[in-house]
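Here the structure is laid out as structure tokens; the discussion comes afterwards.
The values are calculated or read from the model by the stated rules, or taken from the named source; none is laboratory data. Bear in mind the structure is a predicted one, so any value in this text is a computation, not a measurement. Because the Cβ atoms are built from the backbone with ideal geometry, glycine has one as well, and the counts that use them run over all protein chains shown. The area values use the complete protein model at the heavy-atom level, side chains included, leaving out ligands, DNA and RNA. Shrake-Rupley method; radii C 1.70, N 1.55, O 1.52, S 1.80 Å.
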Amino acid sequence: MMSYHFQGSQLRIFKKYARQDRNKAYLKNTRFIIIEHLLPTTEEMVRCLMESEAEIFALLAKPYSIDSEVLMRLQGDGIKVIQKSYQYLEESDYLKYLILEAIDKSKADKKNVVLIDVGGYFSRPLKEISDKDKKYISGVVEDTTFGHNRYQMSVKHISVPVFSVARSGLKEIEARFVGRDAVSAIEYILRKKGISLAGRNALVIGYGMIGENVARALRGGDLNVSVYDKHDHKNLSAFIDGYAIHKKRELIKNADIIFSATGDPSGSMTYEEIEECKNNVILASVGSKDTEFDIKEVKAHCIEEKDVGEELKGYVLPNSKRVLVAKQGAAVNFILPSMPVEILDLVFSEILICIMLILTSKTKGKYPPGIIHELHLNYLNEISKDWLRLVNL
């Protein structure tokens, strides 16, 4: 039987790997630029890296998932925490010049520059940095499906190694918690208004790792669940799993609540599709960015907007229908406290191994640019075995 461990760090495996002499020798010569959710989980990871003498050159906090106490502690310890909007990061050259600033320092002290990405934000600036500067960048590790998809579109034009953990078996374990949290967050919001989530018609758009777990949690909460995915083999899987499937526009007409978890950079629902939804439909994103629904167009066309409840805003459209948008279209799972650190230990450890492979293979050309690399199953088995051994004490 696995007992609970309340003492010490919950990033047991990450900390173990970061402290290993061989890894520490590389980490102390590495300069990190990190885009992450500014939550206690990230704080613990950053502190583990710093204990191994890695340099945190900059930590960019993702909007909509910033814990004010974590922000205050990290800034108090002198860590450069940057808060910028999604739009600014994507449309300006800020990230490009931030990377160039880190490269300039590395030209003097020869430190490796490693990027940790959550959403594919570095994909554009990496294409724009000159070849003479890129030699100081060891590589980038992406964490999310949204970011993985963005790197897929541009990786042929990026001349540094790109790793992704977005589709690994360990990420599937994390997805179970994300799916549950997304449904629990909406239930929490509705209960505060005296409303039950159960008994309604729910639609899940996107039947990947997260969407599958959202659907499972909804079914466990006694909702009628339908699924739509743009890939027919995913629709087949959903059908075999016992969910109703149909054409997208037919499903949205009957849905009382729609969860979207596609990770598609172009979004999952257009404004025109949102217009066809039922009156008072709830739109809940479970994506890593606020692009699952075209909320920008909803705001542009609405004739009235009003707070309906905590993290829930109503928009009356020109056709007199009202749509309720949870957390301004950002991921609703972040309404709840951050995921257990001991679960994120699995994914963070996978990211760390990707980093070590980048650093130790830099001169060997083992992980060439132009494709997205993923960890071999042997590494996932190693992380899993270590995690089970340390937790099952």
Single match in Ser184, Ser196, Ser154 (criterion: at negative phi, in contact with a Ser or Thr (Cβ under 7 Å, 6 or more places away or on another chain) and not in a strand (DSSP E or B)): Ser154
Lone qualifier among Leu324, Leu317 - being more than 17 Å from Gly206 (Cβ to Cβ), in contact with a helix residue (DSSP H, G or I) (Cβ under 9 Å, 6 or more places away or on another chain) and surrounded by fewer than 23 Cβ atoms within 10 Å (Cβ to Cβ): Leu317
Candidate set from segment 73-89 (those that are open to solvent by 50 Å² or more (accessible area, probe 1.4 Å) and touching a residue at least 12 places away in the same chain (Cβ under 8 Å)); member that is nearest to Gly287 (Cα to Cα): Ser85
Single condition Lys134 does not satisfy, out of (1) basic (Lys, Arg); (2) at pLDDT 95 or above; (3) closer than 21 Å to Leu60 by Cα: (2)
Count of segment 184-222 residues which are surrounded by fewer than 24 Cβ atoms within 10 Å (Cβ to Cβ), closer than 19 Å to Ser285 by Cβ and touching a strand residue (DSSP E or B) at 6+ places or on another chain (Cβ under 7 Å): 3
Subset of segment 359-393 [open to solvent by 60 Å² or more (accessible area, probe 1.4 Å) and of a type in the set (A, V, I, L, M, F, W, C)]: Ile371, Leu377, Leu388, Leu393
Single condition Ser159 does not satisfy, out of (1) in a loop (DSSP other than H, G, I, E, B); (2) at pLDDT 95 or above: (2)
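For segment 250-283, how many residues meet the condition of being part of a helix (DSSP H, G or I), closer than 24 Å to Gly199 by Cβ and open to solvent by 40 Å² or more (accessible area, probe 1.4 Å)?
3
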Residues located in segment 119-167, provided they are among the hydroxyl-bearing types (Ser, Thr, Tyr) and either free of Cβ contacts under 8 Å to residues at least 60 places away in the same chain or open to solvent by 30 Å² or more (accessible area, probe 1.4 Å) (or both): Ser123, Ser130, Tyr136, Thr145, Ser154, Ser159
Test: residue in segment 88-101 that is touching a helix residue (DSSP H, G or I) at 6+ places or on another chain (Cβ under 6 Å) and part of a strand (DSSP E or B): no
Qualifying position, being in a helix (DSSP H, G or I), touching a residue at least 24 places away in the same chain (Cβ under 8 Å) and over 15 Å from Val341 (Cβ atoms), among Lys16, Lys24: Lys24
Conditions (1) surrounded by fewer than 18 Cβ atoms within 10 Å (Cβ to Cβ); (2) under 24 Å from the mean Cα position of the chain (by Cα); (3) assigned to a helix (DSSP H, G or I): number failed by Ala238: (1)
For Pro63: the one exception among (1) crowded, with 16+ Cβ neighbours inside 10 Å; (2) in contact with a helix residue (DSSP H, G or I) (Cβ under 8 Å, 6 or more places away or on another chain); (3) outside any strand (DSSP E or B): (3)
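Condition first: within 18 Å of Lys28 (Cα to Cα), part of a helix (DSSP H, G or I), of a type in the set (Asp, Glu) and free of Cβ contacts under 8 Å to residues at least 40 places away in the same chain. Now tell me which residues in segment 38-60 satisfy that.
Answer for segment 38-60, where residues must be within 18 Å of Lys28 (Cα to Cα), part of a helix (DSSP H, G or I), of a type in the set (Asp, Glu) and free of Cβ contacts under 8 Å to residues at least 40 places away in the same chain: just Glu51.
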Which numbered condition Ala108 misses (of (1) of a type in the set (Gly, Ala, Ser); (2) modelled with pLDDT under 95; (3) in a helix (DSSP H, G or I)): (2)
